[in-house]
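Enquirer: Pasting a structure here, questions to come.
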Amino acid sequence: MIATDDGLRLTKQALQAAIAADKAAGLIPFFVCGTFGTTNTAAIDDLPGIAEVAESEQIWNHVDAAYAGAALVCPEFRSLAAGIERADSFNFNAHKWMLTNFDCSALWVANSTHLVNALSIHREYFPPAEGDTSFVKNYRDWQLPLGRRFRALKLWFVMRMYGASGIRAHIREHVRQAKWLEEQLLADGRFEILAPTVFGLVVFRLKPSVIAKGDKDVDLEDLNKANNDLVKYCNVDGRLFLLSTLLKGVVAVRVAIGSSFGTQKNVDLVLDVLKESASKVIAEL
Ligand SMILES: Cc1ncc(COP(=O)(O)O)c(C=O)c1O
């Protein structure tokens, strides 16, 4: 793992430094994984910078877009992913934010020959394919197991049922809801946003000034405790389930909007429970 910058992004400079340190230690760096939409904050790594380093060092450049990759179905998000066209492989999970039942991850590789060369096996019980087989991809040759579930079928049904326009509408509605929640939290005055709300994830906390007693600055420990309590009260309430996280030592609350059947009503409820729980935390200070 490589340390990130203030925006929680992997940078070209940090990657270069890590590779130099590995080489100095006698190691041979061969793989880098940049992320388009990290789990904690949906941050976007410096994908063009990573691609540049990967190309000059000749290392495999994978882009993990497990969550946010679904947003790329909408043209307006594509500029955020500049640099992915230089990746060796790219992955996103249709089961996260693209209306498909768990599990269904889509992997793209620039050159599948590497996988086939490493993973295909030829045995007597697999008859040789006749004629030109380039039309057929034997995915058993791209992976360790021979057998595969037919996940493509359910993804095909999602595409047929919703169409590109339906999937785009689904993504855009969640982003709208997330931005709405962000606005409401800011308007409340007791919360601050800790990471830009770009997709369906809102990352925030109770503000230090709200937790501070009198004129004294609040300790990080007290601030973190108050925010952990906020999450605890929301979850004990039972009407929603939230997770907190740690961003360089700072406790942050995460609301992830992405459920297939979630509506604005659900987000209204999240806001109500957050406000009520915030009042409880503040009353106990
Ligand atoms: C950025 C990112 N990568 C990977 C994963 C895990 O994906 P998988 O279940 O396909 O391993 C997640 C979340 O589950 C994620 O947010």
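The values are calculated or read from the model by the stated rules, or taken from the named source; none is laboratory data. Remember, it's a predicted structure, so these values are computed and weren't measured experimentally. Heads up, the Cβs are rebuilt from the backbone with ideal geometry, glycines too, and the neighbour counts pull from every protein chain shown. These area figures cover heavy atoms from the full protein model, side chains too; ligands, DNA and RNA do not enter into them. Shrake-Rupley method; radii C 1.70, N 1.55, O 1.52, S 1.80 Å.
Enquirer: Run lengths n ≥ 4 of DSSP H only: what is the helix-derived mean residue ellipticity at 222 nm for the chain, with -39500 (n - 2.57) per run over all residues, to the nearest 500? Don't jump to the answer; show the numbers that get you there.
Expert: Values: 8 runs with 115 residues, N = 285.
Per the formula, -13000 deg cm²/dmol.
Enquirer: Here's a follow-up. Considering only Val236, Ala164, Gly258, whose Cα is most displaced toward the positive end of the charge dipole of region 143-285, charges sitting on Cβ of Lys, Arg (+1) and Asp, Glu (-1)?
Expert: Of the listed residues, the answer is Ala164.
Enquirer: Loop-only check: which trypsin sites (Lys or Arg not before Pro) in region 143-186 are DSSP coil with at most 12 other Cβ within 10 angstrom?
Expert: Hits after loop and neighbour filter: Arg148, Arg149.
Enquirer: In terms of Cα to Cα distance under 26 Å, which lysines are near enough to Lys280, apart from those fewer than 8 places away along the same chain?
Expert: Correct list for Lys280: Lys179, Lys207, Lys213, Lys216, Lys225, Lys232, Lys265.
Enquirer: For the residue pair Lys248 and Glu124, what label-to-label distance in nm results when each label sits 7 Å from Cα along the Cα-to-beta-carbon direction?
Expert: For Lys248 paired with Glu124, the spin-label model returns 6.3 nm.
Enquirer: Subtracting the Cα-Cα distance from 0.36 nm times the residue separation, let me have the gained length for Gln16 to Asp272 in nm, one decimal.
Expert: Net length gain for the segment: 87.6 nm.
Enquirer: For the chain, what does the accessible surface come to per residue with a 1.4 Å probe? Please give it in Å².
Expert: Per-residue value: 57 Å².
Enquirer: Leaving out ligands, DNA and RNA, and with a 1.4 Å probe, what % of the accessible surface on the chain is carbon or sulfur?
Expert: Taking all protein chains in place, the chain shows 56 percent carbon and sulfur surface.
Enquirer: Shifting gears a bit: Could you give the angle, 0 to 90 degrees to the nearest 10, between helix 12-24's Cα long axis and the longest principal axis of the Cα atoms of the chain?
Expert: With both axes taken from Cα atoms, the answer is about 60 degrees.
Enquirer: Show me 111-122, 240-251 ranked by packing, highest mean number of other Cβ atoms within 10 Å first.
Expert: 240-251, 111-122
Enquirer: Mind listing the long-range amide H neighbours of Leu201? Cut-off is under 5 Å, sequence gap 5 or more, other chains count too, H placed in the peptide plane at 1.01 Å from N.
Expert: Ile257
Enquirer: With just the Cα atoms defining each centre, how far is region 51-99 from region 156-211? Give it in Å.
Expert: If you average the Cα positions of each part, the centres end up 20 Å apart.
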